[in-house]
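**Student:** Dropping a structure here in structure tokens format, bear with me for questions.
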Amino acid sequence: MCRDCATTATTTAGDPIDAPPTPQGTSALPATAPKSGPNPVVVDGVTCWRVGTDDRWQLARDAVGCDSAREFLRRHTDADGTPLRWFGIDHRGSPQQVRIDPDGVVDLLSFCETFGSGTAFDIETARPASPIEPPVVDLQRVTASRSTHDTPQVSALTAEPAPRRVVVSIDAVETIAVAPQPTVATPDPGATTQQLDRYGQLAAVAPGVINPSGLETLLRTPDPQARATAVEIFESVLAATATSGLTAISSLVDCLDAGRVSTLYALRSLAHIAELYPDIVAEEVDPVIDTVTADSRLVAAAATRLLLYVAEHNPGAVLDAVPAFGSLLAPTPTRARRQALATVGLLAKPHPGAVRPLVPQLCSLLDTDDTAFRISSTAALGRVTAAYPAAATPAVPTLVAQLDADHPELRANAVGVLGDIAREYPTDIAPYTDELAARLTDDDPTVRSNTAGAFARIASVKPRHVEPFTDALIELLDDEWTRSRVHACWALGRCDATAAADALAECHHTDPEESVRQRAAWALERIE
């Protein structure tokens with residue numbers, strides 16, 4: 001209903017109409033239509049009907065396209081004359097139709113698909129003329145029978161503690177509307193496994209209608225099978241609203257040793273919580289770490305996912321899991337191994353000493369054909385070798401083999417690790433300058449910069465290995481990346497590259513970055 005819109009309303013012919021005499025704040029108007037004056041009218045291209053009396057009226061939007069005021073009132077108000085709710089406000093604050101008179105199955109299902117999977121609906125039928133009780137979810141087309149003349153049907157699951165599948169013919173549906181969000185109570189603790197299974201079906205398709213307050217009680221049931229079903233239900237609910245599980249973390253942790261199914265869904269439930277509240281779950285990670293090496297791939301994947309969420313915010317909380325992660329690392333990628341490797345990479349930066357024992361496993365991962373796996377491995381190696389250059393020296397030939405990889409991040413990581421090793425063991429990298437030189441002109445700026453840095457470290461003790469590539473290093477003095485120019489100055493200075501004197505002098509006087517100008521001056525002093 002809208003009174004103010006009358007000031008801009010026009011007749012269907014485009015003529016203005018008089019504003020309603022009804023003052024602001026009046027009580028509800030009679031569910032009738034004025035007998036005089038224009039009806040319907042148009043507001044911003046939308047058809048509206050004048051409702052009330054000739055003396056007291058306001059406008060009401062037509063939601064379905066009626067031909068008369070009588071039809072409009074019949075289809076837009078209930079038996080008492082109270083307006084039916086046809087429009088609501090969506091998450092963007094825009095009007096959204098929440099009630100339709102469907103023309104067919106496609107129209108009905110398309111309407112339902114505009115809302116979340118957990119939305120419940122009221123179906124009002126012509127036979128009988130009352131909504132199906134209770135509200136329903138998971139509306140689906142019923143597969144057509146052999147007869148092509150049968151009326152199309154839809155099925156739905158009732159939103160109640162003991163849900164049932166109901167079927168209704170489309171020609172019996174008068175309207176379908178978004179229901180006031182129901183909260184379906186949890187079955188009693190003594191519910192049978194069959195009752196819990198049916199309740200679980202509802203939770204799987206519409207977790208938003210489940211009342212989570214009673215689920216924690218079900219997690220403590222002594223029946224292992226019932227508890228396994230209960231924790232699976234809880235996981236469905238937490239996937240939609242993780243905050244529902246904040247008070248049940250201890251109960252979920254207790255389920256980690258209650259059998260494989262209970263463990264799996266307890267871990268998944270805790271992971272949903274950890275994604276949003278990692279600090280809270282971090283206090284309970286010790287029992288989770290014990291499940292990382294489980295025989296089940298699904299359990300290991302759920303555990304490593306949970307620990308990855310925690311490590312992203314608090315790496316120190318999962319340090320005790322490093323040996324378990326090490327037992328997972330192998331050249332054949334799985335979800336659990338990818339997540340374990342990602343977590344190791346997070347730990348390696350603040351705690352390289354804790355990850356150092358895993359360097360042999362990280363090096364072994366470079367033999368896989370999976371590029372993403374090798375990128376993650378070289379990233380973790382780089383964080384360890386930044387603190388412990390000797391750690392990856394046995395893998396130098398394997399790292400050199402990555403220099404021709406198609407992915408620039410893998411090439412950059414590999415060169416970076418080789419540069420880290422060259423900081424303390426330049427003689428181990430010096431024999432590979434021919435392979436490294438090709439990367440001085442790489443398309444990727446990080447690769448070029450890391451390569452020039454590796455050459456600078458090699459040149460500190462083996463300048464003769466770098467001197468053949470002076471021309472390429474001089475070209476880097478014009479590189480778009482500041483780090484590339486700095487590293488090139490560094491390498492040229494250590495080579496005493498007199499051929500680079502003019503270019504270095506130009507950098508010293510004209511480069512826009514002070515760091516480059518200072519390094520060029522340093523190189524010139526060495527050459528002169």
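**Student:** Please go through region 365-392 and pick out each residue that is of a type in the set (Ser, Thr, Tyr) and open to solvent by 40 Å² or more (accessible area, probe 1.4 Å).
**Tutor:** Answer for region 365-392, where residues must be of a type in the set (Ser, Thr, Tyr) and open to solvent by 40 Å² or more (accessible area, probe 1.4 Å): Thr371, Ser376, Tyr388.
**Student:** Determine the pairs where a residue that is at pLDDT 65 or above, located within region 16-39, has a partner that is open to solvent by 60 Å² or more (accessible area, probe 1.4 Å) with Cβ atoms under 6 Å apart, the partner being 6 or more residues away or on another chain.
**Tutor:** Short answer, once both residue conditions are applied: Ala19/Thr7; Leu29/Arg56; Pro34/Asp54; Ser36/Asp54.
**Student:** Check whether at least one residue in region 387-410 is under 31 Å from the mean Cα position of the chain (by Cα) and either on the phi > 0 side of the Ramachandran plot or of a type in the set (A, V, I, L, M) (or both), and report yes or no.
**Tutor:** Scanning region 387-410 turns up at least one residue that is under 31 Å from the mean Cα position of the chain (by Cα) and either on the phi > 0 side of the Ramachandran plot or of a type in the set (A, V, I, L, M) (or both).
**Student:** Now for a separate question. Which of (1) open to solvent by less than 50 Å² (accessible area, probe 1.4 Å); (2) under 21 Å from Ile123 (Cβ atoms); (3) of a type in the set (Phe, Trp, Tyr) is the odd one out, the single condition Phe87 does not satisfy?
**Tutor:** Exception for Phe87: condition (1).
**Student:** Here is a further query. If you check every pair at least six apart or on different chains, which have Cβ atoms under 9 Å apart with a residue in region 220-246 that is under 13 Å from Ala271 (Cα atoms) and of a type in the set (Gly, Ala, Ser) first and a residue that is open to solvent by 60 Å² or more (accessible area, probe 1.4 Å) and assigned to a loop (DSSP other than H, G, I, E, B) second?
**Tutor:** Ala240/Ser117; Ala242/Tyr277
**Student:** Cβ-Cβ under 7 Å, sequence separation 6+ or interchain: first residue in region 111-126 and in contact (Cβ under 8 Å) with a residue 40 or more places away in the chain and surrounded by 18 or more Cβ atoms within 10 Å (Cβ to Cβ), partner β-branched (Val, Ile, Thr) and assigned to a helix (DSSP H, G or I). Which pairs?
**Tutor:** Hits for this filter: Gly118/Val209; Ala120/Val209.
**Student:** List every residue pair whose Cβ atoms lie under 6 Å apart, where the two residues are 6 or more positions apart in sequence or sit on different chains, the first residue falls within region 356-377 and is free of Cβ contacts under 8 Å to residues at least 40 places away in the same chain, and the second residue, located anywhere, is among the acidic types (Asp, Glu) and open to solvent by 20 Å² or more (accessible area, probe 1.4 Å).
**Tutor:** Close Cβ pairs (under 6 Å, with a partner that is among the acidic types (Asp, Glu) and open to solvent by 20 Å² or more (accessible area, probe 1.4 Å)) amount to Ile375/Glu409.
**Student:** What do you reckon, is Asp171 farther than 19 Å from Glu113 by Cα, among the acidic types (Asp, Glu) and without any contact (Cβ under 8 Å) to a residue 12 or more places away in the chain?
**Tutor:** Criteria not met by Asp171.
**Student:** Among the listed residues Ala239, Ala185, Ala226, Ala204, identify the single one that is among the aliphatic types (A, V, I, L, M), open to solvent by 40 Å² or more (accessible area, probe 1.4 Å), in contact with a helix residue (DSSP H, G or I) (Cβ under 8 Å, 6 or more places away or on another chain) and modelled with pLDDT under 90.
**Tutor:** Ala185
**Student:** Quick check, is Asp496 assigned to a helix (DSSP H, G or I) and either open to solvent by 10 Å² or more (accessible area, probe 1.4 Å) or within 16 Å of Val417 (Cβ to Cβ) (or both)?
**Tutor:** Considered against the rule, which asks whether it is assigned to a helix (DSSP H, G or I) and either open to solvent by 10 Å² or more (accessible area, probe 1.4 Å) or within 16 Å of Val417 (Cβ to Cβ) (or both), Asp496 comes out as no.
**Student:** For the structure I just gave you, tell me whether Arg260 is among the charged types (D, E, K, R) and buried (at least 17 other Cβ atoms within 10 Å of the Cβ).
**Tutor:** For Arg260, the condition - among the charged types (D, E, K, R) and buried (at least 17 other Cβ atoms within 10 Å of the Cβ) - is not met.
**Student:** Follow-up question, since we're still on this one. Only one of these is closer than 30 Å to Ala63 by Cα and open to solvent by 20 Å² or more (accessible area, probe 1.4 Å): Val173, Val167. Name it.
**Tutor:** Result of the check over Val173, Val167: Val167.
**Student:** I would also like to ask the following. Could you grab me the full set of residues in region 478-493 that are in contact (Cβ under 8 Å) with a residue 24 or more places away in the chain and surrounded by fewer than 21 Cβ atoms within 10 Å (Cβ to Cβ)?
**Tutor:** Within region 478-493, Asp479, Glu480, Trp481, Thr482, Arg483 meet the criteria.
**Student:** Here's a follow-up. Given (1) part of a helix (DSSP H, G or I); (2) within 21 Å of Asp444 (Cα to Cα); (3) of a type in the set (D, E, K, R), where does Glu480 come up short, assuming only one miss?
**Tutor:** Failed condition: (1).
**Student:** How about region 386-464: which helices (runs of 4 or more DSSP H) wholly inside it have at least 3 residues that are among the small types (Gly, Ala, Ser)?
**Tutor:** 408-424, 445-459
**Student:** Being part of a loop (DSSP other than H, G, I, E, B) and open to solvent by 50 Å² or more (accessible area, probe 1.4 Å) is the filter here; which residues of region 67-83 pass it?
**Tutor:** Asp67, Asp78, Ala79, Asp80, Thr82
**Student:** Hey, another quick one. Taking the residues in region 291-305 that are within 21 Å of Ile233 (Cβ to Cβ) and within 24 Å of the chain's Cα centre (by Cα) as candidates, determine which candidate is most open to solvent (accessible area, probe 1.4 Å).
**Tutor:** The residue in question is Leu298.
**Student:** Checking Gln518 against (1) without any contact (Cβ under 8 Å) to a residue 24 or more places away in the chain; (2) in contact with an Asp or Glu (Cβ under 9 Å, 6 or more places away or on another chain), which single condition isn't satisfied?
**Tutor:** (2)
**Student:** With Ala340, Ala282 as the choices, which residue is touching a helix residue (DSSP H, G or I) at 6+ places or on another chain (Cβ under 8 Å) and buried (at least 20 other Cβ atoms within 10 Å of the Cβ)?
**Tutor:** After applying the criteria, what remains is Ala340.
**Student:** With the condition kept exactly as written, say whether any residue in region 90-109 is of a type in the set (A, V, I, L, M), open to solvent by 30 Å² or more (accessible area, probe 1.4 Å) and closer than 24 Å to Thr8 by Cβ.
**Tutor:** Taking every residue of region 90-109 in turn, none turns out to be of a type in the set (A, V, I, L, M), open to solvent by 30 Å² or more (accessible area, probe 1.4 Å) and closer than 24 Å to Thr8 by Cβ.
The values are calculated or read from the model by the stated rules, or taken from the named source; none is laboratory data. Keep in mind that this is a model prediction, so the values were computed, not measured. Every residue, glycine among them, receives a Cβ derived from its backbone with ideal geometry; neighbour counts consider all protein chains shown. For accessibility, only protein heavy atoms count, side chains too; no ligands or nucleic acids. Shrake-Rupley method; radii C 1.70, N 1.55, O 1.52, S 1.80 Å.
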